[in-house]
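**Q** Here it is, the structure in full.
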Amino acid sequence: NSYGGISDVALKTNIVPARDYWDDWKKLKYSKWQWTNEYEKDGDEAKKLFGIVAQDLAEVFPGCTYDTDEGLAVRTSVVNTISGRVLQRAQERIEDVEGAVMKSVLDWKAEAKALRAELNALKKQMAA
C-alpha cells in the first residue's frame, strides 16, 4: 500500500526554501513504550513500540501535533517531511567534512613529498 498527496508546482505559490531544522531535530526525544490498554491486558507481553511521544514532539514542533478525542496525535506526514530536510542537511554536512578531509589528505601528501625531497637532498649533501 502507498498513499500520497498532490504536490504539483502549478498549484503552489510563494515557494521558498525550507529552514534548517537541524538543531530542533536534535532536541527530539525518542522513546520505547507499550500502549496502556494493551499492557493492562497482556502485561509485559504487550507489543513494544518505538517513536516520538506526541507531547515531547509538541515541545519542539507544536505544529506537528493536534488534539483528538483519544488524545494528542502526531502529524506524521509533516514529521516525515521535516526529517527529510534534516537528512538533506546531514548529507550536506557529511559532504563538507569529506571535502575538508580530502583537502587535508592532499595537503599532507604534498607536504610529505616536499619533506622526502628535502630529506633526499640532505642525504646527498651528507654523502658528499
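The values are calculated or read from the model by the stated rules, or taken from the named source; none is laboratory data. Everything numeric in this text was worked out from a predicted model, so none of it was measured. Cβ coordinates were reconstructed from backbone atoms using ideal geometry, including for glycine residues, and neighbour counts include every protein chain displayed. To get the accessible areas, we keep the full protein, side chains included, count just its heavy atoms, and leave off ligands, DNA and RNA. Shrake-Rupley method; radii C 1.70, N 1.55, O 1.52, S 1.80 Å.
**Q** What FRET efficiency comes out for Asp67 versus Asp24 if R0 is 22 angstrom and r is the Cβ-Cβ distance? Round to the nearest 0.05.
**A** After rounding, the FRET efficiency stands at 0.50.
**Q** Roll a 1.4 angstrom probe over the protein heavy atoms and tell me the percent of accessible area of segment 28-128 that is carbon or sulfur.
**A** 56 percent
**Q** With +1 on each Lys and Arg Cβ and -1 on each Asp and Glu Cβ, and nothing else charged, work out how big the dipole of the chain is about its Cα centre, in Debye to the nearest 20.
**A** 1080 debye
**Q** May I ask for the equivalent-ellipsoid semi-axes of segment 85-124, computed as the square root of five times each C-alpha gyration tensor eigenvalue and listed largest first in whole Å?
**A** Gyration-tensor ellipsoid for segment 85-124: 38, 4, 4 Å.
**Q** Return the single residue from Ala117, Ala100, Ala73 with maximal mean-square fluctuation; model: Gaussian network over the chain, springs between Cα atoms under 10 Å.
**A** Between Ala117, Ala100, Ala73, it is Ala117 that shows the largest mean-square fluctuation.
**Q** Which lysines, on any chain, are close to Lys29 with Cα under 22 Å apart, when same-chain ones fewer than 8 places away are left out?
**A** Lys47, Lys48
**Q** Please name which of Leu115, Ser104, Ala58 has its Cα lying farthest along the dipole of segment 27-128 towards the positive end, using unit charges on Cβ (Lys, Arg +1; Asp, Glu -1) and the Cα centre as origin.
**A** Most positive-ward Cα: Leu115.
**Q** Mind listing the long-range amide H neighbours of Thr65? Cut-off is under 5 Å, sequence gap 5 or more, other chains count too, H placed in the peptide plane at 1.01 Å from N.
**A** Those lying under 5 Å, H to H, from Thr65 are Arg75.
**Q** Any chance you could give the angle, 0 to 90 degrees and rounded to 10, that helix 76-127 forms with the longest Cα principal axis of the chain?
**A** Tilt relative to the chain: about 10 degrees.
**Q** Continuing with this model, one more query. Give the accessible surface of segment 52-111 per residue, rounded to a whole number of Å², with probe radius 1.4 Å and ligands, DNA and RNA excluded.
**A** On the way: 4270 Å² over 60 residues.
With all protein chains present, segment 52-111 gives 71 Å² per residue.
**Q** Which value in nm describes the separation of the simple spin-label points at Ile6 and Ala58, placed 7 Å from the Cα toward the beta carbon?
**A** 3.2 nm
**Q** With n ≥ 4 as the cut-off for DSSP H runs, can you work out [θ] at 222 nm for the chain, using -39500 (n - 2.57) per run divided by the number of residues, rounded to the nearest 500?
**A** The helix contribution divided over the chain gives -19000 deg cm²/dmol.
**Q** Compute the orientation-averaged projected area for segment 1-121 from the convex hull of its Cα atoms and round it to one decimal in nm².
**A** Projected over every direction and averaged, the Cα hull of segment 1-121 covers 15.6 nm².
**Q** Moving on. Express the C-alpha Rg of segment 60-128 as a ratio against the empirical globular expectation 2.2 N^0.38 Å, rounded to two decimals.
**A** Here the answer is 2.51, to two decimals.
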